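The values are calculated or read from the model by the stated rules, or taken from the named source; none is laboratory data. What you are looking at is a predicted structure, and each value in this text was computed from that prediction instead of being measured. Note that each Cβ is placed from the backbone with ideal geometry, even for glycine, and that neighbours are counted across all protein chains shown.
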Amino acid sequence: MTGITRNPWNVVKTPGGSSAGAAASIAAGVTPFGLGTDGGGSIRIPSSLTGLVGLKGQFGRVPVWPTSATPTLAHVGPMARNVQDAALLFTAIAGYDARDPSSVSEPVPNVLAACHSSVAGMRLAWSPTLGYAEPDEEVVAICEKSALTLQDMGCSVEKVDRFFEEDPAPLWTAEFYAGVGTRLRETLKNKREILDPAVSDILDLALSQTMRDYYDSVFARHAFYRDALKKFDEFDAVLSPVLPVSSLDCGLNMPARLTHRTLVSWVYYTYPFNLLGFPCGTLCAGLASDGMPVGLQIACGPHGESDVIRLAAALEAAHSPGYNHVAASSPEPPEMDARGL
C-alpha cells in the first residue's frame, strides 16, 4: 500500500492515470522522463494534468512484450518535461521487435530532426469537442488560443465542430474491457474485493457481451477507421483538448458534472486514437484559473509522429519560458494518516 499518488502542481489533485506515478515523478523533477502505457489515454491524460509532453506513437511503433491485456489498443510511449526529451526517449524505445506481431517494421521516423522542422503550410483542424465532448469553456478557450498561434507560423487552422460522426466509446469499451476482463476473469470470480468497484462493474458489462456483439463492434471499428482516414486526407492534424477539465480532486473517478459518463468515457478525446492506432501527442497549452495546466492534443494520420513532434515543438517555442514547469506556489500537503491517505 503506497497511498494516493498526488499531483505536484497541487497535492489535493490527481495526476491522472494510469501512468500516474511516472507523471508525478517527472513533473516534480525527480526523474527527467519516463514511460507511460496508453490503452485509452494513459500517456496523454497524466501528461495533461501535470503539464508534461506525452507522445503515443503509431500503434506498434514501440513494441510491447510481454503481450498486453489489451493487445489491439495498447501503446507505450514517453512522457517528459519538453518536446526534445520526449523525442529522444521515443527514438530509443521505438523499432521493430518480432515478438510483437503488431510491431511496425519500417524505419523509425526522425522525430529529433522534426523538433526543428517548419510547420508552414500544414492544414490543421481545431475541434473543441470532436463532435460529442462536453468540455469546460475555460479549457476550450485556452486550447483554442494555443492552436490558433499556429496560424502565425504559416498553418491553416479550420474549426471543425464534428470531427467524428459518433462517439466511439462503446467500440473502445467492448475491445478494452473484454481483454482486461478475460485476463482478470478468475479474479472477478474469486477475489472481486481487491478490484476497484468502478472497474469490476465495467468488466462485468464487457464480459456479458456475446461473440456476435463483440464482432459487430470489431467491424464497426473498421468502419470508424475508414471514416477517420477521410478526415486525415483533408487535414494533416486535428487539435483538441486532452481533457474536458483542467483538474480533478484526488479520490474521484470523474468530475461531478460528468457522472453520466463511465470511468473512461468522460475523457472523450483520447480513446478514439487508440481505436485508430494513429499517433498523438500532448503538451501544455496554458494554465487554468485554478492554477492547473491544460493539455492540448495533437493527433495525426497513420505514421505521422514527425508531424506530431514538429507541431508540438513549434507550440512549445511559442509559449513563454517555464510555462510547463511545476508551479512554485503549490499549496501545502493536506494532513494524511500513516499510510499517506
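Structural remarks
- Some residue of segment 209-228 being closer than 27 Å to Val294 by Cα, touching a residue at least 40 places away in the same chain (Cβ under 8 Å) and of a type outside the set (Ser, Thr, Tyr): yes
- Residues that are surrounded by 21 or more Cβ atoms within 10 Å (Cβ to Cβ) and part of a loop (DSSP other than H, G, I, E, B), drawn from segment 249-276: Val264, Tyr268, Tyr269, Thr270, Tyr271
- Of all the numbered requirements in (1) part of a helix (DSSP H, G or I); (2) closer than 21 Å to Ala133 by Cβ, Val218 misses one, and that requirement is (2).
- Entry remark, segment 61-93: residues being part of a loop (DSSP other than H, G, I, E, B) and closer than 11 Å to Pro279 by Cβ number 2 in total.
- 1 or more residues modelled with pLDDT of 85 or more, of a type in the set (A, V, I, L, M) and crowded, with 19+ Cβ neighbours inside 10 Å: qualifying helices (runs of 4 or more DSSP H) within segment 157-212: 169-183
- When the residues of segment 229-247 are filtered to those that are assigned to a loop (DSSP other than H, G, I, E, B) and among the polar types (S, T, N, Q), the one that is surrounded by the most Cβ atoms within 10 Å (Cβ to Cβ) is Ser246.
- The set of residues in segment 1-21 that are among the hydrophobic types (A, V, I, L, M, F, W, C), more than 12 Å from Ile45 (Cα to Cα) and buried (at least 21 other Cβ atoms within 10 Å of the Cβ) contains only Trp9.
- Residues that are closer than 28 Å to Leu171 by Cα, among the aliphatic types (A, V, I, L, M) and in contact with a strand residue (DSSP E or B) (Cβ under 6 Å, 6 or more places away or on another chain) within segment 67-123 comprise Val76, Met79, listed in sequence order.
- Filtered residues of segment 131-156 (kept if in contact with a helix residue (DSSP H, G or I) (Cβ under 7 Å, 6 or more places away or on another chain) and assigned to a loop (DSSP other than H, G, I, E, B)): Glu134
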